[in-house]
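A.B. asks: Dropping the structure in here first, questions after.
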Amino acid sequence: MVLALTGCSSGATSTSGFVGGDGTLTQIPLDQRQAAPLISGTTLDGKTWTSADAAGSVIVYNVWGSWCAPCRAEAPGLVAASRATQGKAVFVGLNTRDLDTAAPAAFVRAFDVPYPNLYDPDGALLLRFSGQLPASAIPSTLLVDPHGRVAARVIGETTEATLVGLVEDLAAGK
């Protein structure tokens, strides 16, 4: 795997060791998919969210920080993809390395993000994907198939077209 050396930084955050990925897409064959971990936590608006409530749907986890320029660049595509795949996929943000909720909450408002975003300042939720998603690449997007298995990942910035295509394939059993 090749990681770009362009880092994401600015604002009150702890970004030590984080780099932006190069947009590499990895699709995992059906017979090699591993179970995704149960993810649960508190959203930026103070609600509880758990992946158990999304069982049977494609889950799209996007790891982001309000301080990350590529995260800002991909946000409109994520919002559009979440709307285009409504009923087939559940999108969830994993906000990491923001030291308080003010900046990420402003990010969610600015981009009119319609899906829940879990506040994960220390990256504990991200680490649950150890071995499946590099903890140092921000942004990253991980897709879980309707059977609860990790099926694809994008390391770095992604697009609406990529996500819609992946969700459509996973919802169709591919």
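A.B. asks: Please count how many residues of the range 23-56 are surrounded by 16 or more Cβ atoms within 10 Å (Cβ to Cβ) and at pLDDT below 85.
C.D. replies: 1
A.B. asks: Let me ask something additional. Would you confirm, using the coordinates I've provided, whether residue 106 is over 20 Å from residue 150 (Cβ atoms), more than 11 Å from the chain's Cα centre (by Cα) and part of a helix (DSSP H, G or I)?
C.D. replies: Judged against the criteria, residue 106 is a match.
A.B. asks: For the range 77-96, which residues satisfy the criterion of being open to solvent by 50 Å² or more (accessible area, probe 1.4 Å) and either within 19 Å of residue 40 (Cα to Cα) or without any contact (Cβ under 8 Å) to a residue 40 or more places away in the chain (or both)?
C.D. replies: 83, 86, 87
A.B. asks: So, one more: Which one is most open to solvent (accessible area, probe 1.4 Å) among residues in the range 153-166 that are in contact with a helix residue (DSSP H, G or I) (Cβ under 7 Å, 6 or more places away or on another chain) and within 12 Å of residue 89 (Cβ to Cβ)?
C.D. replies: That would be 164.
A.B. asks: Scan the range 97-130 for residues that are over 23 Å from residue 53 (Cα atoms), open to solvent by less than 20 Å² (accessible area, probe 1.4 Å) and not aromatic (Phe, Trp, Tyr) and jot them down.
C.D. replies: Of everything in the range 97-130, those that are over 23 Å from residue 53 (Cα atoms), open to solvent by less than 20 Å² (accessible area, probe 1.4 Å) and not aromatic (Phe, Trp, Tyr) turn out to be 98, 104.
A.B. asks: Can you tell me which residues in the range 76-99 are part of a loop (DSSP other than H, G, I, E, B) and of a type in the set (D, E, K, R)?
C.D. replies: Matches in the range 76-99: 88, 97.
The values are calculated or read from the model by the stated rules, or taken from the named source; none is laboratory data. Please read all numbers here as calculations on a predicted model, not as lab measurements. Quick reminder, even Gly has a Cβ in these numbers, built from the backbone with ideal geometry, and neighbours come from all protein chains shown. Quick note on the areas: whole protein, heavy atoms, side chains included, nothing else; ligands and nucleic acids left out. Shrake-Rupley method; radii C 1.70, N 1.55, O 1.52, S 1.80 Å.
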